[in-house]
Amino acid sequence: MPMSLEELVRDKLVPLPDDVADEVPYHKTSKTLAIGGERGTVAWVDLWRGILFCDVLGERPVFQDIPLPMPARGNWDRLLRRCEPNYIRDVDISRHKDTIKYVEMEIWPQRKQTKAPDNYLDWVRCKSNITQVIPGGWKARTWIMPIPVGSYTDWQPDYEVEVQDITMDTSDLNQKNLLSKLTGSNAMPTLQNFPMAYPTISMDDDIVYFVYSNNPRHVERFELVIAVDLRNKTLQGLAEVDVQKCIIMPVFCTSEICRYLRKSTGTPEELKKSEKEAVKLTYKEDCKPTAVHVKGTGLQKVTCE
């Protein structure tokens, strides 16, 4: 099938520094999005450079190049060092497949800053410059782009939040217990105390999921998935990750599989009995009975030999 490529615009709109332009692949796919529609649109996402869209069911499929928004100032050096982009970025599609969603984190470590005293008397008393400790932190920004995609200019800023602005429900015992486990104190800590990364943007709403991982050199390894509502700047929830099963970051991804699951209750004997009753052979003319229909899920698989 003949395919063509529209003008590559990323080098004009969001160019790479000369130091890395010849070393970085022009497009390195981090994830693939099935947008669908009549033309079967698929998007290949490079989290540093941009997105290649293609209507794969068209008579002559054409690739469309849409760069991502320019990186935040604090991430310029990460691009030069060719860090893994999923440490600070993510792209996904809304569940209704009407919007492309993009998030970028900007992370800064704690640092010391030296400045001269503000007035003469302070200078006389101190005899030297004043050292201030600037706490570490992070902020996250989101953008959205409507589908069908037009051009790079369709990216629209959505929400921005800094970690110190995020509020928590102090009455939630689960949140308090998990956060206290990190500090070893009963006092309610703030999220600014915990470095986070690997943002994963929700398909449904304005929530972004982040991963916190402690330093396992001196204590037992411990990781949390933390959900933050960027619209309302609130902590929505957190959950401990089974570190024995997860050795590669990120430890989770968005998926629609939960739409096809149902929660069952009862004793093990009752569940086993209901499972046998739910699975039945189905028949089709001129075919062997190889299909299985599971009641209550709305899914049916039919195969013929």
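The residues in segment 128-153 that are assigned to a helix (DSSP H, G or I) and in contact (Cβ under 8 Å) with a residue 24 or more places away in the chain can be counted, and the count is 1. Looking only at segment 48-81, residues that are closer than 15 Å to Thr32 by Cβ and among the aromatic types (Phe, Trp, Tyr) come to 2 in all.
One residue stands out among those in segment 150-177 that are modelled with pLDDT under 80 and crowded, with 17+ Cβ neighbours inside 10 Å: the one that is nearest to Val103 (Cα to Cα), which is Gln175.
Yes or no, residue by residue, for (1) modelled with pLDDT of 85 or more; (2) over 13 Å from the mean Cα position of the chain (by Cα):
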residue	(1), (2)
Ala197	yes, no
Phe210	yes, no
Ser213	no, yes
Glu220	no, yes
Glu223	no, yes
Asp242	no, yes
Ile247	no, yes
Val251	no, no
Cys258	no, yes
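Can you confirm whether Lys97 is assigned by TED's automatic domain parsing to the domain that holds Met203, within 14 Å of the chain's Cα centre (by Cα) and of a type in the set (Lys, Arg)? No: the conditions fail for Lys97.
Selection over segment 55-101 of residues that are in contact with a helix residue (DSSP H, G or I) (Cβ under 9 Å, 6 or more places away or on another chain), at pLDDT 90 or above and surrounded by fewer than 17 Cβ atoms within 10 Å (Cβ to Cβ) gives a count of 1.
The values are calculated or read from the model by the stated rules, or taken from the named source; none is laboratory data. Please read all numbers here as calculations on a predicted model, not as lab measurements. Every residue, glycine as well, gets a Cβ built from its backbone with ideal geometry; the counts of neighbours run over all protein chains shown.
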